[in-house]
Amino acid sequence: MRPYRTGTIPADAPLPHLTVRRVTDWIMHRPEQLTETERKCLDELCERSPALATTTQYARRLASMVRERRSEHLALDVWLADVRLDGQRELRTLAAGIRRDRAAVLAALTTTHTSGAVEGNVTRIKLLKRQMHGRANFDLLRRRILLSP
């Protein structure tokens, strides 16, 4: 435990248990937010699998566009063209879906409005409804919704 107390990670430290969820989290986080061990593991996986390296690059580019709300049509078009020419089947399928809903995707990237508050209320109402488990009528559900915080 002594090497860990200094804050450095020993070179022979065991690698964390790899799961799809964990690797996906590493890919979707900003590279500067990853710990050294996570970055090392992801780099090692990308070296072993060129397909994963390519997927990581495309996923990070798309995540960056969404995070920064870059509204340039060109950035999205370039990403879609790159994926069409170079990406794996799954990425091409995602790109085809984005192309089909291009107007909605561009609106999401350019508009500052969000439906988050509405979605939150819908989730709260569904929770209250499930808690009652069909034991009451609409009037009681309405009262619970109006009186709940």
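The values are calculated or read from the model by the stated rules, or taken from the named source; none is laboratory data. As the structure is a computational prediction, the values presented were derived from the model and not from experiment. Neighbour counts run over all protein chains shown; Cβ positions are idealised from the backbone, glycine included.
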Exercise for review: Filter the range 131-149 down to residues that are of a type in the set (A, V, I, L, M) and exposed (fewer than 10 other Cβ atoms within 10 Å of the Cβ) and give me whichever is nearest to residue 121 (Cα to Cα).
Suggested key: 146
Practice item. Please work out which residue is modelled with the lowest pLDDT, limiting yourself to the range 105-119 and to residues that are part of a helix (DSSP H, G or I) and loosely packed, with under 10 Cβ neighbours inside 10 Å. Key: 116
Review point. Which one is modelled with the lowest pLDDT, of the residues in the range 72-104 that are among the acidic types (Asp, Glu) and either assigned to a helix (DSSP H, G or I) or not assigned by TED's automatic domain parsing to the domain that holds residue 33 (or both)?
Key: 86
Point to revise | Checklist (1) assigned to a helix (DSSP H, G or I); (2) touching a Lys or Arg at 6+ places or on another chain (Cβ under 9 Å) applied to residue 136, failing item | key: (1)
Check your understanding: Has the range 55-71 got any residue that is under 30 Å from residue 112 (Cβ atoms), outside any helix (DSSP H, G or I) and either of a type in the set (Asp, Glu) or in contact with a strand residue (DSSP E or B) (Cβ under 8 Å, 6 or more places away or on another chain) (or both)?
Key -> no
Check your understanding: Considering 21, 67, 39, which residue is surrounded by fewer than 12 Cβ atoms within 10 Å (Cβ to Cβ) and at pLDDT 90 or above?
Key -> 21
